[in-house]
Structures are given as structure tokens and as C-alpha cells.
Amino acid sequence: ERVLEAARRLDFQPNEAARALLAGRTWTVGLITTDGIGRFSTPVLLGAEDALGAGRISVLLCDTRGDAIRERHYVQTLLGRRVDGIIVTGRRTDPRDPLPGLHGVPTVYALAPSTDPADMSVASDDEGGARLAVEHLIGSGRTRIAHVSGPAHHAAARHRARLTESLLGDAGLELSGGRVHFGDWSEAWGRRAAHAVLRTAPGTDAFFCGNDQIARGVADTLREEGHRVPDDVAVVGYDNWDTMALASRPPLTTVDMNLSEIGRVAALRLLDAMDGRPA
């Protein structure tokens, strides 16, 4: 008790380098991301920090900007710092190659799963999210539903489109306009796609959009064309990005990917692996 009282009086701070040498751990975790703007990686990071903070573990953020050479450099830097584990995330849900040369350092892939089934990956349930959106629209009486999404080569766009068509088919319905409208993840594309759908399928009574940016563009076009949302035409987005969902007129119905929970679960899985309980 006298030692602890002296430490408090002197505001003593333990030497973390010495502590790491004694324990064989550095109490640091690396987070490698390709998401330079932080749109997806920041919520994942915040969720991971919630879980890691309880153990006083610090997170070192490394932004590769999608550059393979930069990624290899950061891997070597983190290994040189003797991090206890690594979380890998990005801005897309497409599976990615595992990090090379980790030498047994525990690693968890968050949002963008590893292509190696032996790795631990924590991913968003894209198909479950699409099911929520489509069943919501069908349940509210919509029968002519258009689907506007991002690039067809993105896994998220393909998965959501495939399930949308399947669910509509199960309900005896077809896509309004007869096809999925693939484009890019932008408001501008949402506006162009909405014009195209209204021109070819003027009876469309709902849009399921691949993200909130597209949905906001669709909603703007519908309003400009004199359609009330959601009275005349319903619009559902995806991601629950507050900047888009709340600023849209009216505010969007949207599917929340729960990115912070993905980060939290990834961190918990990493802690298990660091404690010798890999899964």
C-alpha cells in the first residue's frame, strides 16, 4: 500500500518498453486498411478500440491506399514493432488475398474476408441485409421494384442483386424494368438510373438501392419529377451512412451494416487468438 501511495504521489508511469520485454507482449495491435477516406474503416476501428481498450491495448492505424507495395511495407513495420496482432479491413466486401509473411502473428480480417478459409474473417451479411430491404418493400405492398446498384464487379453489388432477383421471384414478381441497373456508388448515378427506370418502367413503385448515395440521388430525381417519397414511390438505401441517410429529403430508410460491431467482434476474435485460442 505504501508503494502504491508513493506511485500516486509521484505520478509514476510504468515504462511500457520494459513492461513489454518482461511480458513478451507489446500491448499494441496493427490495423491495416485500404480505406483512405475512412468511410468504412473508421467505424470498424472505433468498434475494435472499444474491445481492445478494456485491455489497454493501443491500435496503430496503417492506410495502404490500395497499394500492394505500401501494404508490404506496413506489414514489415508492424512486425518490426512486435505487434501482438493485426486486423485487416478495407472499403469493400470483396474477398482479398491474405497478408504474406506474418510469421504466426494472429490476424483477423474485418469486412473484407480473406480468401483463405483457414483465416478468421468477420464479414457483413450482405444477403441478409438485402433480404431485409426487399421483404420490407414487398411487405409494404410494393410490386414493381427496381434495383439500382454499384459496379457489377464488386461482390456487394453482385450478392445484393442476386438475392433481390431471387426474393422477387419467390414472391411471383420481377424486377421493374426487367434488369438490375449496375453503375457506380454515387448520387449522380442514382439520378441517371432513376431517370432511366422512370422512362422505361413508369409504373415503378419502389427502388432498392445498393448504397445510400445512390438512394439519395434516386430520391432527388423522384422529387424533381413530381413523385412523392414514400407515398408514390418507396426508396430503400444501404449502409446507414448518416451523412447521406439523414440529409436526404425525406430521410432514408436504409440497412445498417453495423460496421462498429464488425470491428468489435474482430477485435474479440483477435484477443482470443492472442491468448492462444485461435478459431
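Can you confirm whether Ser149 is under 20 Å from the mean Cα position of the chain (by Cα), more than 15 Å from Val255 (Cβ to Cβ) and modelled with pLDDT of 95 or more? So Ser149 does not fit the description; no.
Residues of segment 51-69 that are out of contact with any strand residue (DSSP E or B) (no Cβ under 8 Å at 6 or more places or on another chain), at pLDDT 90 or above and open to solvent by 80 Å² or more (accessible area, probe 1.4 Å): Ile69 alone. The set of residues in segment 160-181 that are acidic (Asp, Glu) and in contact with a helix residue (DSSP H, G or I) (Cβ under 7 Å, 6 or more places away or on another chain) contains only Glu174. Looking only at residues in segment 223-244 that are open to solvent by less than 50 Å² (accessible area, probe 1.4 Å) and farther than 22 Å from Ala123 by Cβ, the one that is nearest to the chain's Cα centre (by Cα) is Met244.
Take the residues in segment 33-44 that are hydrophobic (A, V, I, L, M, F, W, C) and surrounded by 24 or more Cβ atoms within 10 Å (Cβ to Cβ); name whichever of them is modelled with the highest pLDDT. Break it down stepwise before answering.
The initial filter retains those residues of segment 33-44 that are hydrophobic (A, V, I, L, M, F, W, C), namely 37, 40, 44.
Next, from what is left, pick out any that are surrounded by 24 or more Cβ atoms within 10 Å (Cβ to Cβ): 40, 44.
On the way: Phe40: 86, Val44: 91.
By that ranking, first place goes to Val44.
Here is a check on your reading of the model: is Leu259 open to solvent by less than 50 Å² (accessible area, probe 1.4 Å) and not small (Gly, Ala, Ser)? So Leu259 fits the description; yes. Residues in segment 137-176 that are touching a Ser or Thr at 6+ places or on another chain (Cβ under 8 Å), under 27 Å from Asp231 (Cβ atoms) and surrounded by fewer than 21 Cβ atoms within 10 Å (Cβ to Cβ): Arg144, Leu173. Looking at this structure, is Pro117 open to solvent by less than 70 Å² (accessible area, probe 1.4 Å) and without any contact (Cβ under 8 Å) to a residue 24 or more places away in the chain? When the stated conditions are applied, Pro117 does not pass them. The set of residues in segment 204-233 that are among the acidic types (Asp, Glu) and closer than 14 Å to Gly150 by Cα contains only Asp212. Can you name the residue in segment 177-197 that is of a type outside the set (A, V, I, L, M) and part of a loop (DSSP other than H, G, I, E, B) and, of all such residues, is most open to solvent (accessible area, probe 1.4 Å)? Among those that are of a type outside the set (A, V, I, L, M) and part of a loop (DSSP other than H, G, I, E, B), it is Arg179. Scanning segment 71-97 for residues that are open to solvent by less than 80 Å² (accessible area, probe 1.4 Å) and over 27 Å from Met257 (Cα atoms) gives Tyr74, Val75, Thr77, Leu78, Leu79, Gly80, Val83, Asp84.
Quick one: what pairs do we get from segment 201-220, first residue open to solvent by 10 Å² or more (accessible area, probe 1.4 Å), second of a type in the set (A, V, I, L, M), C-beta under 6 Å, 6+ apart or different chains? Once the first residue is open to solvent by 10 Å² or more (accessible area, probe 1.4 Å) and sits in segment 201-220, its partners that are of a type in the set (A, V, I, L, M) give Asp205/Val233; Gln213/Met244; Arg216/Met244.
The values are calculated or read from the model by the stated rules, or taken from the named source; none is laboratory data. Treat the numbers as computed from the prediction; the structure is a model and nothing was measured. So basically every Cβ, Gly included, is an ideal-geometry build from the backbone, and we count neighbours across all protein chains shown. Areas reflect the complete protein model, heavy atoms only, side chains present, ligands, DNA and RNA absent. Shrake-Rupley method; radii C 1.70, N 1.55, O 1.52, S 1.80 Å.
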